[in-house]
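Participant: Starting off with a structure, shown below.
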Amino acid sequence: MEDKTQKKVLGFQTRAVHTGNEVDKDTGAIKRPITMANSYALPYDPSDLNWSSAGKNLYTRNGGSNQQYLQEKIASLEGGEDCVVLASGVAALSGLFFALLQSGDHVIFSSVTYIAVYRLLNELFNNKFKVETTIVDTSDLEEVKNAIRPNTKLIHIETPGNPTLTVADIKALAGIAHEHGILLSVDNTFASPYNQRPIELGADFSVESLTKYINGHGDAMGGSITGKKQYLDIIRAQAQVNLGGAISPFNAWLIMRGAVTLPLRMKQHNENALKVAGYLETVQGVRFVSYPGLKSHPGHETAKRQMNPGYGGVLSFGLKADHDTHNRFVSYLRIITSAVSLGHDESLIVFIGENDERQYLYPNEFHAGFFRFSVGIEDGEDIIEDLEQAFALTFHN
């Protein structure tokens, strides 16, 4: 007999709107207010408090109200047990590594990752804390298996990877990791929890730069780690309280507001990026296009299994042209803005030249320079027309 007492699991869009939000008891406001206080009232006898405890309204570095509301929402969207929200995506990544790793541990990480991960694991943790690291193509399961050592503590992947859009099989890698008693963390920023939920695919941690799609407006920074409470308690105490990576109440409030429209925005990002990628494949002056939604992408079948309903809003492409021509092309764009970051409402493009220090890790087609293109939520036809007129000026002038 069906248990009528069980609560129905609400849909993703409904959770995006309602989780973490309630009527404010003091004012009756139907949206949570911004609580900008950095200190909270103590109990009658505070002498037995642990001043380094996390998650209590004691001091904002220990945890504030707006942060807690946002954590509820992100944990729900990711399908995870617990979540910690920090000051930036890099604060989340460094906090995860700092809390989990110690001298003598070994980490395997993706050859295609955000530059901060490359710095943290290839240089800082290696040189400062004697954490051993191995860079592998995590889209190749055999490479990952061959890199495992007795002291391997963590496999960290990014899928799709920044900036080449390399795709790794989360479920298969989780199986490999757990078979050897290793933890798996996934940077899910390019996909967002709307398109991909690593926890549900077996990963131990899902990391997001909340600055990108979840906020979606290009006006606030934050990062999150979602996973099991036993690990999140450690990360919260070390990364938030002891290292001081706390998010500001205002940024937490802004991201909370932005997250409400995540599903609606992602539908448009997905649709526009697929259209733009398809268009770019038809342009004679384009050398290559990398987007997981294209059948030509080597990771398309894997992406089709683990990304649903779409493939995100970021793609990469290169021109059949020299260095300066790539820059001239960008200068002709009118709607698309030349700027770093991604996941904004507006389309953003950045040229990555041949001298990027990680070029040796990228597939061959990326070695001659390329664009990382974050396709926004403008009308898709307008984005394509902007590209068309820039191509015309670049190749016919």
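The values are calculated or read from the model by the stated rules, or taken from the named source; none is laboratory data. Remember, predicted model here, so these are calculated numbers, not experimental data. Positions of Cβ are backbone-derived with ideal geometry, glycine not excepted, and every protein chain shown enters the neighbour counts.
Participant: Please specify each residue of the stretch 11-27 satisfying the condition of being part of a loop (DSSP other than H, G, I, E, B) and either modelled with pLDDT under 95 or surrounded by 13 or more Cβ atoms within 10 Å (Cβ to Cβ) (or both).
Facilitator: 19, 20, 21, 22, 23, 24, 25, 26, 27
Participant: Condition check: crowded, with 16+ Cβ neighbours inside 10 Å and either in a loop (DSSP other than H, G, I, E, B) or outside the structural domain of residue 255 (by TED's automatic domain parsing) (or both). Does residue 54 satisfy that?
Facilitator: It is true that residue 54 is crowded, with 16+ Cβ neighbours inside 10 Å and either in a loop (DSSP other than H, G, I, E, B) or outside the structural domain of residue 255 (by TED's automatic domain parsing) (or both).
Participant: Another question about this same structure. Got at least one residue in the stretch 369-388 being aliphatic (A, V, I, L, M) and not in a helix (DSSP H, G or I)?
Facilitator: Within the stretch 369-388 (the criterion being aliphatic (A, V, I, L, M) and not in a helix (DSSP H, G or I)), the answer is yes, since at least one residue qualifies.
Participant: Would you pick out the residues in the stretch 136-184 that are touching a residue at least 24 places away in the same chain (Cβ under 8 Å), of a type outside the set (A, V, I, L, M) and under 19 Å from residue 103 (Cα atoms)?
Facilitator: Result: 149, 151, 152, 153, 156.
Participant: OK, next. Hey, which of the strands (runs of 3 or more DSSP E) in the stretch 119-214, taking only ones fully inside, have at least 2 residues that are closer than 20 Å to residue 82 by Cα and modelled with pLDDT of 95 or more?
Facilitator: In the stretch 119-214, 152-158, 183-187, 205-209 are the strands (runs of 3 or more DSSP E) which contain 2 or more residues that are closer than 20 Å to residue 82 by Cα and modelled with pLDDT of 95 or more.
Every residue, every condition in (1) in the same structural domain as residue 219 (by TED's automatic domain parsing); (2) under 30 Å from residue 20 (Cα atoms), yes or no:
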residue: 242; (1), (2): yes, yes
residue: 252; (1), (2): yes, yes
residue: 298; (1), (2): no, no
residue: 313; (1), (2): no, yes
residue: 321; (1), (2): no, no
residue: 327; (1), (2): no, no
residue: 334; (1), (2): no, no
residue: 349; (1), (2): no, no
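Participant: I've got another one for you. Need a quick list: helices (runs of 4 or more DSSP H) entirely within the stretch 250-368 having at least 2 residues that are in contact (Cβ under 8 Å) with a residue 60 or more places away in the chain and crowded, with 20+ Cβ neighbours inside 10 Å.
Facilitator: 262-280, 300-306
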